[in-house]
Amino acid sequence: MAGETPSWMNLEFVEKIMRKSKNDDSIRVLNIFIKPATAKGDNYTSDMYRVSVEISSKRGNQEVTKKKSLIIKVAPTGENIKRELIEKSKIFDTEILMMMDTLKKMSNLLEPAHRINARIFYVQKEYPVFLVIEDLATLGFRMADRQAGLDLPHCLLAMRGLARFHASSVAICEKEPNQKKFYIRGIFSSEHPPELTSFFTLGTKSLGKEIRKWPDLEKYAEKIDKLAEKIYDKAAEISKCRPDEFNVINHGDFWVNNMMFRYNEEGKPIDHIFVDFQMCTYGSPANDLQYFLSTSVDNDVYENNKDMLLEEYLCTLSSVMKQFDCKTVPPNMEKLQKALKEREFLAMTSSFTILPLVLLDKNEAKDLEEIMGKEGNEYNSSACENEIFRKVISKRIPIYDQLGLMDI
């Protein structure tokens, strides 16, 4: 969550970026109103501001006044664990490259029928690093309820969107093989700093500590404790790209808060769009699918509709790849299921560490520094104590144990 508005984010600053983004020096910013664009628990790696701008510009001899809304996404600037983690992990570099290059090329293939991301207006790569992005709320998009999880109509839209994202990435990578080399980290990578690794280690330990209080799961606590020190390295190993498999550019952090939906008058979701491209990585689409299924779907979908979602994904993937005349052969269901089975560990890791924060009540949400402490060596979160999380994870832990995932 964004704190106080930075002093540099003032009227003159906004006027400067508006002029540069539009290449129009006649633009004058008459007024601005700035507020946080996200709440605690909605975003952990940046400060997001919604900027309402009133501008005037010349159109011939006329002065035209209009209002515009922008999102300014700022890399952490304080002297804290959050800034250190973000700078060392280079995730803003990934997002800037993705939005300034790869996504534009993918969008050129998909539009006008489908949009996959917001327009980017301006980037500053030196400190303070920030991106100025289109405000998707003005187009009618909004976030779904992360605590409730996505129901089947939302999930089907998300699967089609993900399939189009992956298919267009295949088409781009066929034309420009170097694109594969740009996205090598993702959320699980041996190249990430220890500050990120410790989030997963401490989060897993927190779960082990909590389930000691649950009579039905207490017997798994020791296994989870032992797993904690190895969980991130194992996830990083499993996430690695395997050249002999079907690979795509993954979104990399494909959970409910990194997508937005548009709704019709009856309140039914009719459109889906992606946000946040800091963790994009080249590898198996099973990485995105496991992460999404373990963090973002409601219980009914998780228990009854996974196969339907995978069929929808494959159907759209194959269709779009054919439309783009891709030479790469898309996977069939058997190959996709094999890839998913081999990455079941990612589902467990996400369930243990990401899902508790997804299901946490908004009133109890904390930012990254509050969770990990100023030195990054604590884990102060009540997320694992949440009754909703307890119900979900109580069903999953015995399954993960039966699969042998907790025995590394």
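The values are calculated or read from the model by the stated rules, or taken from the named source; none is laboratory data. Given the structure is predicted, the values throughout are model-derived calculations rather than measurements. All Cβ positions, even for glycine, are placed from backbone atoms using ideal geometry, and neighbour counts span all protein chains on display. Quick note on the areas: whole protein, heavy atoms, side chains included, nothing else; ligands and nucleic acids left out. Shrake-Rupley method; radii C 1.70, N 1.55, O 1.52, S 1.80 Å.
Every residue in the stretch 213-237 that is assigned to a loop (DSSP other than H, G, I, E, B) and more than 14 Å from residue 393 (Cβ to Cβ), please. Show your work before the answer.
Residues of the stretch 213-237 that are assigned to a loop (DSSP other than H, G, I, E, B), as a first pass: 213-217, 229-230.
The answer is 215, 229, 230.
Which ranges mark the helices (runs of 4 or more DSSP H) fully within the stretch 275-375 that have 2 or more residues being of a type outside the set (A, V, I, L, M, F, W, C)? Steps first, please.
Working: elements: 285-295, 299-304, 306-323, 333-341, 344-353, 355-359, 368-372.
Ranges flagged: 285-295, 299-304, 306-323, 333-341, 344-353, 368-372.
Taking residue 252 and the conditions (1) in contact with a Cys (Cβ under 6 Å, 6 or more places away or on another chain); (2) more than 30 Å from residue 330 (Cα to Cα), which numbered condition does it fall short on, given that it satisfies the others?
Among (1) in contact with a Cys (Cβ under 6 Å, 6 or more places away or on another chain); (2) more than 30 Å from residue 330 (Cα to Cα), residue 252 violates only (2).
Looking only at the stretch 338-356, filter to residues that are farther than 15 Å from residue 288 by Cβ and open to solvent by 10 Å² or more (accessible area, probe 1.4 Å); which one of those is farthest from the chain's Cα centre (by Cα)?
Residue satisfying both the conditions and the ranking: 338.
Looking at the stretch 304-321, can you tell me whether even one residue there is open to solvent by less than 10 Å² (accessible area, probe 1.4 Å) and under 17 Å from the mean Cα position of the chain (by Cα)?
Among the residues of the stretch 304-321, not one is open to solvent by less than 10 Å² (accessible area, probe 1.4 Å) and under 17 Å from the mean Cα position of the chain (by Cα), which makes the answer no.
Sort out which residues of the stretch 1-30 are assigned to a helix (DSSP H, G or I) and among the aromatic types (Phe, Trp, Tyr), and write them in order of number. Explain how you work it out, then say what you get.
Of all residues in the stretch 1-30, those assigned to a helix (DSSP H, G or I) come to 11-22.
Matches in the stretch 1-30: 13 only.
So which of 306, 335, 322 is basic (Lys, Arg), farther than 27 Å from residue 181 by Cα and assigned by the TED database to the domain that holds residue 346?
Matching residue, one of 306, 335, 322: 306.
Given (1) assigned by the TED database to the domain that holds residue 314; (2) in contact with a Pro (Cβ under 8 Å, 6 or more places away or on another chain); (3) of a type in the set (Lys, Arg), identify the lone condition not met by residue 105.
(2)
Taking the stretch 31-51, which residues are assigned to a loop (DSSP other than H, G, I, E, B) and either open to solvent by 40 Å² or more (accessible area, probe 1.4 Å) or modelled with pLDDT of 95 or more (or both)?
Quick first cut of the stretch 31-51, residues assigned to a loop (DSSP other than H, G, I, E, B) only: 37-46.
The answer is 39, 40, 44.
Which members of the stretch 202-244 meet the condition of being under 17 Å from residue 44 (Cβ atoms), under 20 Å from the mean Cα position of the chain (by Cα) and of a type in the set (Ser, Thr, Tyr)?
Answer for the stretch 202-244, where residues must be under 17 Å from residue 44 (Cβ atoms), under 20 Å from the mean Cα position of the chain (by Cα) and of a type in the set (Ser, Thr, Tyr): just 232.
From 64, 74, grab the single residue that is of a type in the set (A, V, I, L, M) and farther than 18 Å from residue 278 by Cβ.
Values: 74 fails: farther than 18 Å from residue 278 by Cβ.
Result of the check over 64, 74: 64.
Six or more apart or on different chains, Cβ atoms under 8 Å: show the pairs whose first residue is in the stretch 209-237 and in the same structural domain as residue 192 (by the TED database) and whose second is among the aliphatic types (A, V, I, L, M) and surrounded by fewer than 16 Cβ atoms within 10 Å (Cβ to Cβ).
From the stretch 209-237, the pairs are 227/408; 230/408; 234/408.
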